[in-house]
Every structure is written in structure tokens, then in C-alpha cells.
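Student: Take a look at this one; I'll ask things after.
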């Protein structure tokens, strides 16, 4: 199997210390700092692992999992992380070719008040000096550009949720072979202004009038790729999030019924969800969630962004590989193989 999960244990530590002669290392080592809440921890891990597996083809990748220790966790998630994840300090002490950092649901009024903020800043400063390329997903992208360039995210009037079509910068090697318009899922309450990103020197790879910047990059010897969208999402991920938000409305945790995801659910499924919405608005009760038509709606969903997501990650892995083979700065004219 091209993507192998590398658990943190004594053997891994000894192998890293001994060097390549004693360790038949995979072609590339990638760290995934998975900061998603407990309920999405394993599904997020599976999404990124699957995407990397398809993008890698026959190339071997060693995937090392970690998470910010400051995040609040329940006992089951803590036990799972203790059993399979690398302590962050140990992940950063070992050789890595690439790094992927996820966001998490915000809890504080501002990002700088989050309990993991100092840890995030440490990781952000470490990555360009110690990896060949990195990916910063959704809230992690928001936090990164705030620290790097003082660009604050802006609250949207309603949640930006759905699958949106974006125009792409076709001349950029990270988009080689990627279709245009590029459909990509989004699920967020905040936005980074495209104009501010451009002024700060970021190259916007994909954007739309409805959605703003989707993917953008900070060029350096260690390229930093940022996503406001979610190429890793599976076909049903947005539906699961929508059901979760419906449940929060029914239980009184949020005031308004969630908006149907844009450009995502075909007509037959939309009719089912509208009927459920009418029943929920007529009688707001948590037990109604048991009748949410998940299976019927899921059967009609398309995973039509997946092929382009795989190509994006294939191009990113090609950048990691090219940078490792040529430690000097890789020019923008490099081409994925």
C-alpha cells in the first residue's frame, strides 16, 4: 500500500536516529497535524490518507499523525491519539518532507484567544525551514495569514456552505491537469479578502465571485499552499455537517435552521430536505433528527470534485519530490511528472 501510517514508537525513534542506511524509508514522509474535533478526528484522517494514496500512485509515502495537545478531547479520542499519533514535539524533531495542518471548530471570540494559538505559531514558523512544502486547511489557513501578514478574516452574514465553481490560474504548476472551472466544497463562517491576499504577495490559484479565494500559495523554497475550501471532503461530508447543524437547531444550540448547501444536492434530494425542514420548523424537537433522510439524499450525491482534488495533491507531491531532489529553490517552471 503506497501510504503507510507510521506509528510513533521506539522503533521509529531508533530508525530516524540511525539514518537511511538502517531505515528503508518511504520515498516521502508527510506529517498530518489533525486538529479536528473528536467526532471528525478519524474521518478527517481517512479523507487525507485516501487523497494522498490516490495522488501518490505507486510511490510510497510514510504518513505520521499528530495533533495540538492543547485541544480539548474526550477520553476515547485522547486514548486513540495516545495510541497512534506522534507527540507534536517528536513529529517536529524527526525528518519530514511535507506537512499538512487542519483547522478545527473555533471556540474563542478571536483566533488569538484559542488555547493552541502559541503552539500554532510555533508550528507555522517551523514549517518553512524544515519541510519542502506545506498545506494549511481552512481555519489553519486563516490563522496562518493572520500571523504571517496581519490579514484578519471577516465574518460572513451566513455560512458559506456548498460546492462552488472557481476560475483557476491555469499557468501555475500546482494546477497542471486540474479542470477549470474547478468545483470545490466550502464550509465556513469567515472569509479572507482576496485583495488583501494579493497585496501581501500571495498567488491566488482559484477563486469565484460567490466564494472569493479558494486556494492560494505563498512561494518560497518551501511552498505554502492554503485552502479555504476542502478538496479532501468525501461525497457525503457536507451532508453530515448539514445534518449536524440541523441537530443543533432542533436541540436549541443554534437559533436558525441551517441553509441548504449550495450547488450540492440534486433536485430529488433537495425536495426531501425541504420537507424535513418544514416539519422541523413546525415542531422543533431533537427526536425529529432520527427521521433525517440521510441515506436517500446521499444516494444522489456526486463526488465531482474528487478527480481534481487528487490532481492537486499529485502536483503538490511532485513539488515535494522535486524540492527534495534539488535542495536549491525550485523555479516556478517545474512540471509535475
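The values are calculated or read from the model by the stated rules, or taken from the named source; none is laboratory data. Computed from a predicted model, the values in this text were never measured in an experiment. When we count neighbours, we look across all protein chains shown, and the Cβ atoms used for this are built from the backbone with ideal geometry, even at glycine.
Student: Which of the following residues is in contact with a strand residue (DSSP E or B) (Cβ under 8 Å, 6 or more places away or on another chain) and under 30 Å from residue 323 (Cα atoms): 176, 207?
Tutor: Details: 176 fails: in contact with a strand residue (DSSP E or B) (Cβ under 8 Å, 6 or more places away or on another chain).
Of 176, 207, the one residue that is in contact with a strand residue (DSSP E or B) (Cβ under 8 Å, 6 or more places away or on another chain) and under 30 Å from residue 323 (Cα atoms) is 207.
Student: Is it the case that some residue within region 72-86 is touching a residue at least 12 places away in the same chain (Cβ under 8 Å), surrounded by fewer than 20 Cβ atoms within 10 Å (Cβ to Cβ), under 24 Å from residue 128 (Cβ atoms) and assigned by TED's automatic domain parsing to the domain that holds residue 311?
Tutor: Looking through region 72-86, none of the residues is touching a residue at least 12 places away in the same chain (Cβ under 8 Å), surrounded by fewer than 20 Cβ atoms within 10 Å (Cβ to Cβ), under 24 Å from residue 128 (Cβ atoms) and assigned by TED's automatic domain parsing to the domain that holds residue 311.
Student: It is to be established whether one or more residues within region 153-161 are touching a helix residue (DSSP H, G or I) at 6+ places or on another chain (Cβ under 9 Å) and closer than 28 Å to residue 318 by Cβ. Give the derivation first.
Tutor: Initial filter on region 153-161 (touching a helix residue (DSSP H, G or I) at 6+ places or on another chain (Cβ under 9 Å)): 153, 159, 161.
Now drop any that are not closer than 28 Å to residue 318 by Cβ, which leaves none.
Within region 153-161, not a single residue is touching a helix residue (DSSP H, G or I) at 6+ places or on another chain (Cβ under 9 Å) and closer than 28 Å to residue 318 by Cβ.
Student: Looking at region 150-164 only, could you name the residues that are more than 10 Å from residue 190 (Cα to Cα), in contact (Cβ under 8 Å) with a residue 40 or more places away in the chain and either in contact with a strand residue (DSSP E or B) (Cβ under 9 Å, 6 or more places away or on another chain) or loosely packed, with under 14 Cβ neighbours inside 10 Å (or both)?
Tutor: 161, 162, 163, 164
Student: Is it true that residue 99 is touching a helix residue (DSSP H, G or I) at 6+ places or on another chain (Cβ under 7 Å), under 24 Å from residue 6 (Cα atoms) and free of Cβ contacts under 8 Å to residues at least 40 places away in the same chain?
Tutor: Details: touching a helix residue (DSSP H, G or I) at 6+ places or on another chain (Cβ under 7 Å): yes; under 24 Å from residue 6 (Cα atoms): yes; free of Cβ contacts under 8 Å to residues at least 40 places away in the same chain: no.
It is false that residue 99 is touching a helix residue (DSSP H, G or I) at 6+ places or on another chain (Cβ under 7 Å), under 24 Å from residue 6 (Cα atoms) and free of Cβ contacts under 8 Å to residues at least 40 places away in the same chain.
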